[in-house]
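Q: The structure under discussion is supplied below as structure tokens; questions concerning it will follow.
The values are calculated or read from the model by the stated rules, or taken from the named source; none is laboratory data. It should be emphasised that the depicted structure is a prediction, and the values quoted were computed from it without experimental measurement. Positions of Cβ are generated from backbone atoms using ideal geometry, with glycine treated the same way; all protein chains shown enter the neighbour counts.
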Amino acid sequence: MDPHQGKWFYPTKSLSERTMGEIFPNHPRAESLRVRKRLAEGMRTGMVVPEGLAAHGRGEAFDYLLGEKTTEFAREAVEVASAALLLASHSVISVNGNTATLVPEAVVELSKVTGAKVEVNLFHCSRERKVLIAEHLRKHGCREVLGVDEENAVRIPEIQSERRVVDRRGIFSADVVLVPLEDGDRTEALRALGKLVIAIDLNPLSRTARAASITVVDNVVRALPLMVGECRRMKNLPREDLRRKVESFDNRRNLRESLRLMCGRLMELGEGRRPI
Ligand code: PTJ
């Protein structure tokens with residue numbers, strides 16, 4: 001059965017097989033090509049939707065402006081986000097097609113370290129995709145995947161898209177929700193419901209980035225493994241220390257700093273202070 005419910009045509013050979021040969025390790029964009037290849041494979045198996053490739057392309061453009069490195073501001077946001085996850089009484093990692101394809105290992109590790117539940121929640125929703133993604137996560141060691149079982153599905157009326165269907169045991173009752181690679185309306189709705197929302201989004205101008213409580217402006221392939229490390233490092237810190245980190249964080253300021261960094265890099269390039 002077509003996981004996208006027959007809406008798209010799938011070539012028998014993967015995109016990467018047809019359009020891209022072997023990735024040479026010394027290629028200057030080798031890592032970026034590997035990530036693309038992973039996503040293209042994800043689309044072939046039905047986990048990623050075509051829109052997911054377009055979304056990734058938008059992300060890549062911002063990553064270019066960041067120099068494809070985790071900035072000090074992203075590191076700060078990762079630290080605060082990790083503190084929020086450790087403080088949560090009921091945290092959930094919301095997983096879509098791109099996230100499941102790009103960083104399944106980190107999703108599972110983060111859930112183990114923090115006790116966060118893992119829930120599949122899709123914008124382009126179909127039961128087949130949910131099942132595929134859940135299986136993929138289980139294959140990577142996830143013991144429980146929420147969001148698939150119809151019995152526990154509830155609707156959040158504040159959300160307009162298909163993302164409104166959430167799991168009673170997961171996003172519905174969570175106090176902290178991590179939403180890597182998101183579209184904006186759900187973040188706003190989850191905030192309106194009083195939840196602390198952590199976003200990972202390379203675009204500091206996106207509605208998600210601006211609506212989230214804590215935004216990590218970084219590539220999910222770098223940010224999520226970093227978050228696992230930070231959670232491990234801070235797991236035994238006094239709760240008061242963690243709380244102070246979360247309470248003193250200013251998301252708007254952090255977003256502005258990320259934008260200034262991008263602009264600064266562009267100015268240096270434009271003025272010849274940095275080689276093109
Ligand atoms: O799997 P589904 O059906 O839930 O659909 C997933 C997509 C990503 C297609 C859906 O959520 C969507 O349409 O998202 P948007 O509205 O395009 O937003 C995605 C955001 O993620 C954009 O702001 C991108 O810049 C950003 N982005 C893309 N790739 C990455 C990224 N941010 C961090 N790391 C990336 N690798």
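Q: For the subset of region 171-211 comprising residues that are of a type in the set (S, T, N, Q) and under 15 Å from the mean Cα position of the chain (by Cα), which member is farthest from the ligand (Cβ to nearest atom)?
A: Keep residues of region 171-211 that are of a type in the set (S, T, N, Q), which gives 173, 187, 203, 206, 208.
Then drop every residue that is not under 15 Å from the mean Cα position of the chain (by Cα), which leaves 187, 203, 206, 208.
On the way: 187: 10, 203: 4, 206: 4, 208: 6 Å.
Here the residue is 187.
Q: Still on this model: If you take just the helices (runs of 4 or more DSSP H) that sit entirely in region 50-127, which of them hold at least 1 residues that are closer than 19 Å to residue 33 by Cβ and not hydroxyl-bearing (Ser, Thr, Tyr)?
A: By residue number, 50-66, 97-102.
Q: Return the only residue of 148, 154 being outside any loop (DSSP other than H, G, I, E, B), away from the ligand (no atom under 13 Å from the Cβ) and among the aliphatic types (A, V, I, L, M).
A: 154
Q: Just the residues that are at pLDDT below 90 and either of a type in the set (Ser, Thr, Tyr) or in contact with a helix residue (DSSP H, G or I) (Cβ under 6 Å, 6 or more places away or on another chain) (or both), please, taken from region 15-40.
A: If the condition is that a residue be at pLDDT below 90 and either of a type in the set (Ser, Thr, Tyr) or in contact with a helix residue (DSSP H, G or I) (Cβ under 6 Å, 6 or more places away or on another chain) (or both), then 15, 16, 19, 23, 32 are the ones that fit.
Q: Out of (1) hydrophobic (A, V, I, L, M, F, W, C); (2) under 25 Å from residue 41 (Cα atoms); (3) not in a helix (DSSP H, G or I), the odd one out for residue 159 is which?
A: Looking at each condition in turn, residue 159 falls short on (2).
Q: Mind listing just one residue for me: the one in region 120-155 that is over 19 Å from residue 52 (Cβ atoms) and small (Gly, Ala, Ser) and, of those, nearest to the chain's Cα centre (by Cα)?
A: Step by step, filter region 120-155, then rank; the result is 141.
Q: Hey, can you tell me all the residues within region 45-64 that are surrounded by 20 or more Cβ atoms within 10 Å (Cβ to Cβ), among the hydrophobic types (A, V, I, L, M, F, W, C) and either within 14 Å of the chain's Cα centre (by Cα) or more than 7 Å from the ligand (Cβ to nearest atom) (or both)?
A: 47, 48, 55
Q: Additional query: Go through 93, 133 for me and flag whichever is within 16 Å of the ligand (Cβ to nearest atom) and within 15 Å of residue 182 (Cβ to Cβ).
A: 93
Q: I'm checking my understanding of the structure. Among residues of region 212-222 that are within 12 Å of the ligand (Cβ to nearest atom) and surrounded by fewer than 24 Cβ atoms within 10 Å (Cβ to Cβ), which one is nearest to residue 176 (Cα to Cα)?
A: It comes out as 220.
Q: I'd like to check something: does region 86-106 contain any residue that is without any contact (Cβ under 8 Å) to a residue 24 or more places away in the chain, surrounded by fewer than 22 Cβ atoms within 10 Å (Cβ to Cβ) and more than 27 Å from residue 139 (Cβ to Cβ)?
A: Scanning region 86-106, I find no residue that is without any contact (Cβ under 8 Å) to a residue 24 or more places away in the chain, surrounded by fewer than 22 Cβ atoms within 10 Å (Cβ to Cβ) and more than 27 Å from residue 139 (Cβ to Cβ), so the answer is no.
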